[in-house]
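What follows draws every value from the coordinates through simple rules; no lab data is involved. All values derive from a computational prediction rather than experimental measurement. In this analysis, Cβ positions are derived from the backbone assuming ideal geometry, glycine residues included, and neighbour counts consider all displayed protein chains.
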Amino acid sequence: MVFVDSNVILDVATADPQWSDWSSRQLIAVVNQGPALINAIVYGEIAFACDRIEDVDELLPAHLYDLRPIPREAAFLAARAHADYRERGGERSMILPDFLIGAHALVERCPLLTRDHRRYRQAFSGLKLITPAVA
């Protein structure tokens, strides 16, 4: 299974001129192997671009996306990653959503499909990433 970041799903949903082709190919490859993993953070980031919950559910059908709760181990790892981020000079006082996504993928032992490799690589050295740079 592969954990999918919202930016990849939104690339396809919005027909992003720069990224929709790459993201579409990657998503097709992932869901052909079985449902992709997402969590409430990814769901919420997709929902931000939609007017109705039914629109979100249409973009994230249950047979293609397995919506899982964030385990407490992932929440803890996300908090530690955020503390490291703050020590390096980061200014956000609340845990960044990317830390909850990356930590969840790491706890699930799944690679993460994303375009935002920089923060994930820095925060989670053991996390396997599927990105345009390595795809």
(request) Work out the length of the dipole vector of the chain about its Cα centre, built from +1 on the beta-carbon of each Lys and Arg and -1 on the beta-carbon of each Asp and Glu, and round it to the nearest 20 debye. (result) 680
(message) Full-extension gain between R68 and E54, please, as 0.36 nm times their residue separation minus the C-alpha to C-alpha distance.
(response) 3.2 nm
(message) Charges on Cβ only, +1 for Lys and Arg, -1 for Asp and Glu, centred on the Cα centroid of the chain; of A83, P35, S93, which one is farthest towards the dipole's positive end?
(response) A83
(message) For the range 18-135, what does the relative contact order come out to in percent, with C-alpha contacts under 8 Å and a separation of six or more?
(response) 21
(request) Work out the P(r) tail for the chain: percent of alpha carbon pairs separated by more than 19 Å, whole number. (result) 48
(message) As I understand it, the dipole of the chain uses +1 on the Cβ of Lys and Arg and -1 on the Cβ of Asp and Glu, about the Cα centre. Which of A49, T114, L67 lies farthest toward its positive end?
(response) T114
